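Here's the structure we're looking at; comments come further down.
What follows draws every value from the coordinates through simple rules; no lab data is involved. The model shown is predicted, which means the values in this text are computed figures rather than measured ones. With ideal geometry, Cβ positions are generated from the backbone for all residues, glycine too; neighbour counts draw on all protein chains shown.
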Amino acid sequence: MESRDWLVSDNGECQACILSGDVQWPSNPYRLYRFLTEIEDIILTFKENRRRLQMIRPLVRRLLTSSYWLQTEFLEPSSATGFSILKLYEEPYFGLSAEIVAARPGIVSPIHNHGTWAVVLLLQGSCKYKFWERPGDKDFPHKIKPLSQKVLVAGDLISFMPNAIHRVESIGDEVTVSFCVYGSQENQRLAFDPILHTAEPF
Ligand SMILES: [Fe+2]
């Protein structure tokens, strides 16, 4: 069976992961507060982001499989920006947040990294992700080079290492809805300009 779980490494490579959606979950409800608590335990126990993501990916799938209300919970995209963010969890001085992002067809994000680990499960619609690497130009440390792209459809999951540089575009003819969970802002999140070879916090 083709993988539906992906990991984008710090150098922009998009790699297939062992499928976490094929697991038989316990039948008892898996609630958001328990999901968040288990992620906190993972963050405290495992310091390596790749390991954290390996542990968190199946929990995201379990949460969205178990929680019907989350599968249908999003804000209509703003008419001004074309997207909306429904914050599910965030608190000061603690590096964990969860939100549901909805975007109209044609909406394109900046080219960015997250400065932290991230997991995104696409709940509705389809997206085209593009990935870049930093070739390591001494004069232009933020210079980036395109690497590859991948189209995701509802049910696909993509996870990011902190320096994975990417851009997401909503494609198709329906609003895209994604469940997103992020770790601490260990490094500042950056938006990249591929023409000027610069990067700015965003
Ligand atoms: Fe992103």
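Observations
- Selected residue (criterion: nearest to N11 (Cα to Cα)) from residues of the range 147-164 that are within 11 Å of the chain's Cα centre (by Cα) and assigned to a strand (DSSP E or B): F160
- Condition check for S178: part of a strand (DSSP E or B) and touching a Ser or Thr at 6+ places or on another chain (Cβ under 8 Å): no
- E38 being surrounded by fewer than 18 Cβ atoms within 10 Å (Cβ to Cβ) and not in a loop (DSSP other than H, G, I, E, B): yes
- Whichever residue in the range 59-68 is in a helix (DSSP H, G or I) and over 18 Å from the mean Cα position of the chain (by Cα) and, among such residues, is nearest to V119 (Cα to Cα): S66
- S97 passes every criterion in (1) more than 16 Å from the ligand (Cβ to nearest atom); (2) of a type in the set (S, T, N, Q); (3) under 14 Å from the mean Cα position of the chain (by Cα) apart from (1).
- Filtering the range 172-193 to residues that are crowded, with 17+ Cβ neighbours inside 10 Å, over 14 Å from the mean Cα position of the chain (by Cα) and not aromatic (F, W, Y) leaves V175, L190.
This table checks each residue for (1) more than 16 Å from the ligand (Cβ to nearest atom); (2) closer than 25 Å to Q15 by Cβ; (3) in contact (Cβ under 8 Å) with a residue 12 or more places away in the chain; (4) of a type in the set (A, V, I, L, M).
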site	(1), (2), (3), (4)
P92	yes, no, no, no
A102	no, no, yes, yes
H114	no, yes, yes, no
W117	no, yes, yes, no
V120	no, yes, yes, yes
K130	no, yes, yes, no
K145	yes, yes, yes, no
H166	no, yes, yes, no
F179	no, yes, yes, no
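- Of I43, I56, all but one fail to be more than 23 Å from S170 (Cα to Cα), assigned to a helix (DSSP H, G or I) and within 15 Å of the chain's Cα centre (by Cα); the exception is I56.
- For the range 193-202, the candidate set comprises residues that are assigned to a strand (DSSP E or B) and touching a His at 6+ places or on another chain (Cβ under 6 Å); within that set, the residue that is farthest from the ligand (Cβ to nearest atom) is T198.
- Residue in the range 7-14 that is among the aliphatic types (A, V, I, L, M) and surrounded by 15 or more Cβ atoms within 10 Å (Cβ to Cβ) present: yes
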